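This report refers to the structure that appears directly beneath it.
The values are calculated or read from the model by the stated rules, or taken from the named source; none is laboratory data. Note that the coordinates shown come from a computational prediction; the quantities given were computed from them, not determined experimentally. FYI the Cβ positions are ideal-geometry reconstructions off the backbone, even for glycines, and counts take in every protein chain you see.
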Amino acid sequence: MKRPSVLEVHNLVKQFPVKRSITSQDKVITIVNGMSFNLIEGEALGVLGPNGAGKTTLIKMLLSVLTPTSGTITYFGKNFFTHRSAILERVSFASSYVKLPARLTVRTNLDIYAQLYGIPSQERAQRIEKYLKFFGMWNLADRETGVLSSGQMTRVMLAKAFMSQPKIILLDEPTASLDPDSALEARTFIKEQQKEHGIALLLTSHTMEEVTQICDRVLVIKQGNIIANDTPRNLAFSVARTRVIFTTEDPSALASYAQMQGLIFHTSEKSIIVEIDEQGIAGLLAELAVQGITYTQIAIHSPNLNDYFLSIAKESV
């Protein structure tokens, strides 16, 4: 059965006025330029783009922090602007760049937040303990949030986002302040919670590994426009082929074969790199064995989202 959309964005535009001078006419700059997309129930949707592409502006409009210049936002089949309060009861948010009230303790901040979602007292306490323990923050539950490090604050924000068990979570670069080990743990937690509770995620990130691990589908934004909408794998393979690296004392035989077959290759003193479609690797290796062409080592490098991101960063819109 086809899963329904829980979020639909249609022709969304956000413009900001720019003051020029007393004598000259003001102008506007367009940050989000007619975006349209949907988020499916239980799906993890990534949003990629260079700085200034419009990612954070989009998130702010999806949270009603900013009002769109034009276009519509629909959650659960209801217009966001006429059902804002009811919708936000089912939507949560976390960001590495947003802080909680500094003079309140971690426990108090989370308790107040849980009360806003109508979670009963005993259950609030259980969920606060559960999520703080997972993120290694239980020993800091009674510490004021103002003295937390950026990494500790990020963990608290993730606990806050999942504690209400919402239907949709918007994550704006959620692991940007974490060390690599903690970031990996957080990504694993996000994916497990998403699958367990059927949560739909919309995630912005500059970490290609993070998007690949978490997201089912990716929107690529450049200068306020969506320029691609596909799976991480399809995007990666759209700009590069698999590279098979052979280490050999004499690459000339393999190079001659690659040239004869019309393959793209690059040679160095003791290696040769052959670019080939992934499904052709097994056939290539079998044919090399038949031809008696030997090598001492092989490595296979598949394209990834980083290849795609670097490619589109070099292009003009």
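Summed over segment 232-259, the residues that are free of Cβ contacts under 8 Å to residues at least 40 places away in the same chain and either surrounded by fewer than 16 Cβ atoms within 10 Å (Cβ to Cβ) or closer than 17 Å to residue 46 by Cβ (or both) give a count of 6. If you go through segment 85-139 and pick out every residue that is surrounded by fewer than 13 Cβ atoms within 10 Å (Cβ to Cβ) and within 25 Å of the chain's Cα centre (by Cα), you end up with 2. Scanning segment 140-165 for residues that are within 25 Å of residue 87 (Cβ to Cβ) and either part of a helix (DSSP H, G or I) or more than 29 Å from the chain's Cα centre (by Cα) (or both) yields 156, 157, 158, 159, 160, 161, 162, 163. Filtering segment 218-228 for residues that are assigned by TED's automatic domain parsing to the domain that holds residue 31, part of a helix (DSSP H, G or I), within 14 Å of the chain's Cα centre (by Cα) and touching a residue at least 12 places away in the same chain (Cβ under 8 Å) leaves an empty set.
Checking each residue in segment 268-300 for being loosely packed, with under 13 Cβ neighbours inside 10 Å and closer than 29 Å to residue 228 by Cβ picks out 277, 279, 299, 300. Residue count for segment 186-207, restricted to those that are surrounded by 16 or more Cβ atoms within 10 Å (Cβ to Cβ) and either among the small types (Gly, Ala, Ser) or out of contact with any strand residue (DSSP E or B) (no Cβ under 8 Å at 6 or more places or on another chain) (or both): 7.
Tell me, yes or no, whether segment 77-95 has at least one residue that is in contact with a Gly (Cβ under 6 Å, 6 or more places away or on another chain), in a helix (DSSP H, G or I) and under 20 Å from residue 37 (Cβ atoms). There is no residue in segment 77-95 that is in contact with a Gly (Cβ under 6 Å, 6 or more places away or on another chain), in a helix (DSSP H, G or I) and under 20 Å from residue 37 (Cβ atoms). On the basis of being more than 15 Å from residue 128 (Cβ to Cβ) and free of Cβ contacts under 8 Å to residues at least 24 places away in the same chain, does residue 173 make the cut? For residue 173, the condition - more than 15 Å from residue 128 (Cβ to Cβ) and free of Cβ contacts under 8 Å to residues at least 24 places away in the same chain - is not met. Condition test on residue 74, is it over 15 Å from residue 16 (Cβ atoms) and in contact (Cβ under 8 Å) with a residue 60 or more places away in the chain? Answer is yes for this residue.
Take residue 265 and decide whether it is farther than 30 Å from residue 59 by Cα, surrounded by 15 or more Cβ atoms within 10 Å (Cβ to Cβ) and without any contact (Cβ under 8 Å) to a residue 12 or more places away in the chain. Against the criterion (farther than 30 Å from residue 59 by Cα, surrounded by 15 or more Cβ atoms within 10 Å (Cβ to Cβ) and without any contact (Cβ under 8 Å) to a residue 12 or more places away in the chain), residue 265 qualifies.
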